[in-house]
Amino acid sequence: MAEIAFYHLQRSPLDAVLPKLLQRTLDQGKRALVLAGSEDRVENLSSLLWTADPGSWLPHGTLKDGRPEDQPIWLSSSHHNTNSATFLFLTDGSETDPASYERCFDLFDGNDDSAVAAARERWKKLKEAGHTLTYWQQNERGAWEKKA
C-alpha cells in the first residue's frame, strides 16, 4: 500500500509548492509522475518547472518531449507510469490507483470548496482501501504542519 499525503493548499498555490516537493523528490534519488487534469495544464506545469527557481533546474518531460524513460519527472494527463516513477503527485483533483507507488502526494486547493469536498471523498475512499494517509496544512507562517 502507498503512503499518501494530502496537502491542503491555502497560503501557497500549487505553483509555489509543487517545485519544492519535486526538488525534494529528486534529492532523495526518486522519480516522479505528476498527474494533471489536462494536456494544457501539463504544458503550464512544464513551463512552471522551467521558471520556478532561476537558480535551479528540475529535469522533466511531457508527451511533447517524448522519451519518458529518460525523464526523472514526467508530467502527464494520463495515469500510465511510463517513467517508472516511485512518487506520484496528483493535481487538479486527478485520481488514479496509487497502490504501485511508494508515496503519493494529493495537492488540492484549500480555497476552493468543491476541491476540498472532492479531497475529502478521495481521503475516505483511500482510507477504506487500507492506505496510510497523512494530512498536511500550512500554519499562519506558511510552514507545513501534520494534522492527521
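Coordinate-derived values only; no laboratory data. The structure displayed is predicted, hence computed values, not measured ones. Here the Cβ positions follow ideal geometry from the backbone for every residue, glycine too, while neighbour counts run over all protein chains shown.
Modelled spin labels at THR82 and GLU39, positioned 7 Å past Cα toward Cβ, are 1.1 nm from each other.
Evaluating 6.51 cos²θ - 1.76 cosθ + 1.60 at θ = phi - 60° for every residue in the range 118-123, the Karplus couplings come out as 5, 5, 4, 5, 5, 4 Hz, glycine and proline recorded as x. Computed from label points 7 Å out along Cα-Cβ, the spacing between GLN28 and HIS131 is 1.5 nm. Considering only SER12, TRP74, HIS131, the residue lying farthest towards the positive end of the dipole of the chain is HIS131, judged by Cα position with unit charges set on Cβ. With contacts taken as Cα pairs under 8 Å at a separation of at least 6 residues, the range 3-146 carries a relative contact order of 35 percent. Of the trypsin sites (Lys or Arg not before Pro) found in the range 1-79, the ones in coil according to DSSP and having at most 12 other Cβ atoms within 10 Å of their Cβ are LYS64. In the range 1-50, Rg over Rh equals 0.96, where Rg is the alpha-carbon radius of gyration and Rh the Kirkwood radius from pairwise Cα distances. Sites listed here are chymotrypsin sites (Phe, Trp or Tyr not before Pro) in the range 45-148 whose DSSP assignment is loop and whose Cβ has at most 16 other Cβ atoms within 10 Å: TRP57. Build a GNM of the chain with springs between Cα atoms under 10 Å apart, and of ALA16, ALA119, ALA85 the one that fluctuates most is ALA16. Out of every Cα pair in the range 96-140, what percent are spaced more than 11 Å from each other? So the pairs more than 11 Å apart make up 71 percent of the total in the range 96-140.
Applying the Karplus relation 6.51 cos²θ - 1.76 cosθ + 1.60 with θ = phi - 60° to the range 60-69 yields 3J(HN,Hα) values of 7, x, 9, 3, 4, 7, x, 6, x, 5 Hz, where x marks Gly and Pro. Database remark: amide H of TYR135 closer than 5 angstrom to the amide H of PHE6, LYS147, ALA148 (H placed geometrically; neighbours at sequence offset of 5 or more, or on other chains; Pro and chain starts carry no H). For the chain, just list the percent of Cα-Cα distances falling in each 10 Å bin from zero outward, please. Values per bin, smallest distances first: 11, 44, 37, 8, 0.
The Cα center of the range 6-50 and the Cα center of the range 57-116 differ in position by 8 Å.
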